[in-house]
1. How many residues, within the range 82-117, are free of Cβ contacts under 8 Å to residues at least 24 places away in the same chain and of a type in the set (G, A, S)?
2. Please work out if K160 is open to solvent by less than 20 Å² (accessible area, probe 1.4 Å) and of a type in the set (K, R).
3. With respect to the numbered conditions (1) in contact (Cβ under 8 Å) with a residue 60 or more places away in the chain; (2) in contact with a Ser or Thr (Cβ under 8 Å, 6 or more places away or on another chain); (3) of a type in the set (S, T, Y), which one is the sole condition not fulfilled by Y136?
4. So, in the range 147-167, exactly how many residues are within 23 Å of K90 (Cα to Cα) and part of a strand (DSSP E or B)?
5. Quick one: in the range 60-79, of everything that is part of a loop (DSSP other than H, G, I, E, B) and at pLDDT 85 or above, which residue is least open to solvent (accessible area, probe 1.4 Å)?
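The values are calculated or read from the model by the stated rules, or taken from the named source; none is laboratory data. Only a predicted model underlies this, so the values are computations on that prediction, with no experimental measurement involved. Note that each Cβ is placed from the backbone with ideal geometry, even for glycine, and that neighbours are counted across all protein chains shown. Quick note on the areas: whole protein, heavy atoms, side chains included, nothing else; ligands and nucleic acids left out. Shrake-Rupley method; radii C 1.70, N 1.55, O 1.52, S 1.80 Å.
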Amino acid sequence: RFNIEAETLSNKLSWTTSNESGVKEFMVERSDNSKNYQPIGSVKANNSSTQNNYQFNDQHPGDGTNYYRIKMIASNGESKITAVKMVRNKLTAAPKLYPNPAHAFINIELKSAIKDNSAVCISDANGKIVYRQNSYPIIKGENRLYFSTQALPKGAYVVKILMHNTILIKRFIKQ
């Protein structure tokens with residue numbers, strides 16, 4: 001048995017064996033296209049004939065679809081590969097924008113699984129760009145982006161944040 005659970009910013013792999021006599025280790029492999037797999041970690045086998053339960057946490061999944069398989073490596077060097085399992089990940093949690101309506105500023109809170117540079121763009125209701133920053137640093141974990149809205153006239157605005165090849169969109173009103 002082999003299962004994957006997508007968690008907020010990681011994937012939890014679990015598997016059970018019923019007889020693994022002669023098995024040295026389990027190599028966990030990941031792919032973003034289901035063809036080219038790379039080892040991302042290994043788990044030492046208990047090497048017993050009883051039922052064993054194993055877990056592995058992938059702390060750095062790719063954005064989008066991730067394919068996993070487990071290679072069981074025997075002490076004599078032979079190996080067997082499990083069926084492939086797939087899971088979809090979103091590396092950025094949905095952002096929170098506040099206060100809305102805004103007066104003097106807006107804050108945007110977002111969580112990222114990786115360190116990255118993002119592009120930030122604020123447009124008015126007509127699509128005219130009123131603010132742009134092409135390289136806004138994003139750290140792994142919690143991020144808070146702060147923008148002054150004092151120079152903006154009253155109206156509706158759209159914030160677009162491009163990171164991890166994903167566009168995050170939030171709307172706000174300036175009063």
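1. 0
2. Answer is no for this residue.
3. Among (1) in contact (Cβ under 8 Å) with a residue 60 or more places away in the chain; (2) in contact with a Ser or Thr (Cβ under 8 Å, 6 or more places away or on another chain); (3) of a type in the set (S, T, Y), Y136 violates only (1).
4. Final tally of qualifying residues: 8.
5. Restricting to residues being part of a loop (DSSP other than H, G, I, E, B) and at pLDDT 85 or above, the top hit is P61.
So that you can scan it fast, the table gives a plain yes or no per residue for (1) more than 26 Å from P61 (Cα to Cα); (2) surrounded by 14 or more Cβ atoms within 10 Å (Cβ to Cβ):
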| position | (1), (2) |
| --- | --- |
| K90 | no, yes |
| D116 | no, yes |
| I122 | yes, yes |
| V130 | yes, yes |
| R144 | no, no |
